[in-house]
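Undergrad: The structure that follows is given in the form of structure tokens.
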Amino acid sequence: MLKHVEAQYIVQFEAISDMHKKKQEIFRLLKPYISEDDFTEIPITEPINLLPDIPRYVATSENKHSTFIITAKSIQLKINFDESFNNNREKCNKYITNRIDSINELALKISRNGVIFNGLVNMFEDDTLFDAQDYIKKTYFNSNIANVYDLSTKFTFVKEGKYYVNFDVRNIRRNSDKSILGIQLDVNSKYKYNQLQEIEDYYLKDIELKQTVNIALQFIEEKLNPFVKGAVEL
């Protein structure tokens, strides 16, 4: 059975030179999920344009399940699901969407013009399926492949002319003798951004941010299990 083991979300915007002035807004909007005391503010003395990817604020939840990382140009969320969650997709989805909604609101509020792109990555594992490299070979490859030790394949789709949907399947080794199935689903809004960034300013509205998440969760609900069995379609 597939377990939902991790999730990562990111929103990116143009670098904010006075991010320290957004502190109270950050604390207010993320307060339902993280306390102000859990935030670590990292002082930066260099000009902001030289170090836009260096974290300004980092916070980890009380039970260590989620971490928020805020830079001058992005807000990131990293989630690890334990045994009380990873077999329950409804609980995982609710945990993800509640926090993402607050992150989106924060990003739209503190960015100068809006969000450039966003993305949601979900990771799944099936630790009941041993010799996963052989399963991948039989399920996704028609050619004769003999004595393969590790194997992975990736499928990329474009949805609605805006979103990439990337499905990555591979075997994961805990040790040399055991190989389990690993699945990564990456849905992001970079497709349209890549098409337009050189000819016009392009920013995502709230409805488009939410659609990235909706596409991912709909895929998980309707397509994930068939995809794992070899039904490769969006």
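Undergrad: Nothing charged except the Cβ atoms of Lys and Arg (+1) and of Asp and Glu (-1): what's the magnitude of the dipole of the chain about its Cα centre? Round to the nearest 20 debye.
TA: Roughly 200 debye for the chain.
Undergrad: Another question about this same structure. Radius of gyration and Dmax for the stretch 82-146's Cα atoms, expressed in Å?
TA: Every Cα atom of the stretch 82-146 included, Rg and Dmax give 19.0, 55 Å.
Undergrad: Run the dipole for the stretch 156-210 about the Cα centre, Lys and Arg Cβ at +1, Asp and Glu Cβ at -1, nothing else charged, and hand back the magnitude in debye, nearest 20. Walk me through the intermediate numbers first.
TA: Numbers: 10 positive and 9 negative charges, 87 e Å.
Using only the charged Cβ atoms, the result is roughly 420 debye.
Undergrad: Further question: Over the chain, what portion of Cα pair distances is larger than 34 Å, expressed as a whole percent?
TA: Across the chain, Cα pairs with separations above 34 Å total 23 percent.
Undergrad: Could you sort Met19, Met123, Met1 by their accessible area in this structure, using a 1.4 Å probe and putting the largest first?
TA: Numbers: Met19 5, Met123 30, Met1 125 Å².
Ranked list, largest accessible area first: Met1, Met123, Met19.
Undergrad: Let me ask something else. Out of Asn87, Met123, Leu108, whose Cα points farthest toward the positive end of the dipole of the stretch 74-131 (charges: +1 Lys, Arg; -1 Asp, Glu; placed on Cβ)?
TA: So the residue furthest toward the plus end is Leu108.
Undergrad: What area, in nm² and to one decimal, does the C-alpha convex hull of the stretch 64-199 cast on average over all directions?
TA: For the stretch 64-199, averaging the hull's shadow over all directions gives 11.5 nm².
Undergrad: Ratio of the stretch 1-133's C-alpha Rg to 2.2 N^0.38 Å, to two decimals?
TA: 1.16
Undergrad: Mind listing which GluC sites (Glu not before Pro) in the stretch 74-152 are in a DSSP loop and have 13 or fewer other Cβ atoms within 10 Å?
TA: Within the stretch 74-152, the qualifying GluC sites (Glu not before Pro) (loop, at most 13 other Cβ atoms within 10 Å) are Glu83.
Undergrad: Now a separate question. Per the 1.4 Å probe, what fraction of the accessible area of the chain, in percent, lies on carbon and sulfur atoms?
TA: Accessible surface attributable to carbon and sulfur in the chain totals 44 percent.
Undergrad: Here is a follow-up. Within the chain, which DSSP H helices have Cα atoms that stretch 20 Å or more along the helix axis and a mean Kyte-Doolittle hydropathy of at least -0.5?
TA: Helices passing the filter in the chain: 206-222.
Undergrad: Still on this model: Along the charge dipole of the stretch 131-206, Cβ charges K/R +1 and D/E -1, which of Tyr140, Tyr203, Gly161 sits furthest on the positive end?
TA: About the Cα centre, the residue reaching furthest to the positive side is Tyr140.
Undergrad: Then there's this: Which value, in Å² rounded to 10, gives the accessible area of Lys137 with a 1.4 Å probe and all protein chains present?
TA: 40
Undergrad: How much net charge surrounds Tyr191 when only other residues with a Cβ under 11 Å from its Cβ are counted (Lys, Arg +1; Asp, Glu -1)?
TA: +3
Undergrad: Given the rule -39500 (n - 2.57) for each run of at least 4 DSSP H residues, summed and divided by the residues of the chain, what is its mean residue ellipticity at 222 nm, to the nearest 500 deg cm²/dmol?
TA: -9000 deg cm²/dmol
Undergrad: Given Cβ point charges of +1 (Lys, Arg) and -1 (Asp, Glu) and nothing else, what value in debye, to the nearest 20, does the dipole of the stretch 66-124 about its Cα centre take?
TA: Computed about the Cα centre, the dipole is about 240 debye.
Undergrad: A further question on this structure: Suppose R0 equals 35 Å; then what is the FRET efficiency for Ser35 and Gln195 from their Cβ-Cβ distance, rounded to the nearest 0.05?
TA: Calculated transfer efficiency: 0.30.
The values are calculated or read from the model by the stated rules, or taken from the named source; none is laboratory data. Quick caveat: nothing in here was measured; it's all calculated off a predicted structure. Cβ atoms come from the backbone with ideal geometry, glycine included; neighbour counts cover every protein chain shown. For accessibility, only protein heavy atoms count, side chains too; no ligands or nucleic acids. Shrake-Rupley method; radii C 1.70, N 1.55, O 1.52, S 1.80 Å.
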